[in-house]
1. Assigning unit charges at the beta carbon (Lys, Arg +1; Asp, Glu -1) and nothing else, what dipole magnitude in debye, to the nearest 20, does segment 141-248 show about its Cα centre?
2. If you plug each phi of segment 236-248 into the Karplus form 6.51 cos²θ - 1.76 cosθ + 1.60 with θ = phi - 60°, what whole-Hz ³J(HN,Hα) values come out, in order, with x for Gly and Pro?
3. What percentage of all Cα-Cα pairs in the chain are separated by more than 25 Å?
4. Collect residues whose amide H, placed 1.01 Å from N in the peptide plane, falls under 5 Å from the amide H of Tyr164; neighbours closer than 5 in sequence don't count.
5. For segment 95-244, what is the relative contact order in percent, using Cα pairs closer than 8 Å and at least 6 residues apart in sequence?
6. State the extension gain, in nm to one decimal, for the chain segment bounded by Arg205 and Ile19, taking 0.36 nm per residue of separation less the distance between their alpha-carbons.
7. If you place +1 on the Cβ of every Lys and Arg and -1 on the Cβ of every Asp and Glu, how big does the dipole about the Cα centre of the chain come out, in debye to the nearest 20?
8. If a/c stays under 1.5 just call it rounded; otherwise compare a/b with b/c (prolate if a/b is bigger, oblate if not). Do that for segment 13-105, with a ≥ b ≥ c from the square roots of the Cα gyration tensor eigenvalues.
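Values quoted throughout were computed directly from the atomic coordinates according to the rules given, and no laboratory measurement underlies them. Please read all numbers here as calculations on a predicted model, not as lab measurements. Please note: Cβ atoms are built from the backbone with ideal geometry, for glycine as well, and neighbour counts cover all protein chains shown.
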Amino acid sequence: MDIKTLSESFQAETITKPIFYRGLMNHPTWSLAGERTASGQLQLGVLRPQGGGKILEIFSGPDATQAFEQAHGEPVAQPQMHLVGHELFGMLSDGLVDRLNIDPGSPHTFHFLRNQLGLLRRWAQTVALECSLQDPNAVPNPLGLLASFEHYHLVVLPGQGEQYSLVLAPDSRGRSLGAIFTSEDAAVEFGQAIAKELGRSPEVREVAARPLFERLKAMTLQGLVFNPLTDLPPRALSAAIIDPILQRAPR
């Protein structure tokens, strides 16, 4: 879905928030003023207009860039660089900008404010992880990303107090496969799909990498499945990956 359609669909409430944010993060060619230094660092062309505030303007493609130039009577700032969504939004640290303008000059333009940058970063991390699960070459350090992600979700059956049992991924061969989810919406979807088989409604819990993989190691599983029974593409991994992840996971 292109950004114009994504924006219009979201404003019309015909798509969900997860679809909207994944669309932003998966967009392959955001254009913005800036450059990559010789050391590999990215320097963004943040505008500092009179009156205060730091503004970053990004464009989803040539049509959006042309619309800006026609509306403002001047070219976009140079030099321009191109970034995939999850890399771009993942680097928007708190305080970097006060306002992020997306496709300014286009009828479908929209923006985010400084207090929304944390939400964008979280979705960027989520989508980067989802991309790495399908293609390890999609991010620079896929194993490090698995080990540092703080927003995994599990589907569980609660017990007494803080105790709970993990709902496993279905398997036609009867193997014990841990079911792990990269986002809350994916975990909720799985829980709804499996509730009838369980005989009751499960719960969704968020967990960081270290406590998650420590628990999975203690269960002596035969494998892991990320995002089973969801609209996201599932990914099965050997349980042997648990130890390398724990070696890298922050304490």
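1. Value, rounded to 20: 380 debye.
2. Whole-Hz 3J(HN,Hα) from phi for segment 236-248: 9, 10, 5, 5, 5, 6, 4, 5, x, 5, 5, 5, 9.
3. Values: 15767 of 31375 pairs.
Everything past 25 Å amounts to 50 percent.
4. Gly159
5. Once normalised by length, the contact order is 20 percent.
6. Contour length minus the Cα-Cα distance gives 64.9 nm.
7. Rounded to the nearest 20 debye, it is 780 debye.
8. Note, shape of segment 13-105 comes out rounded.
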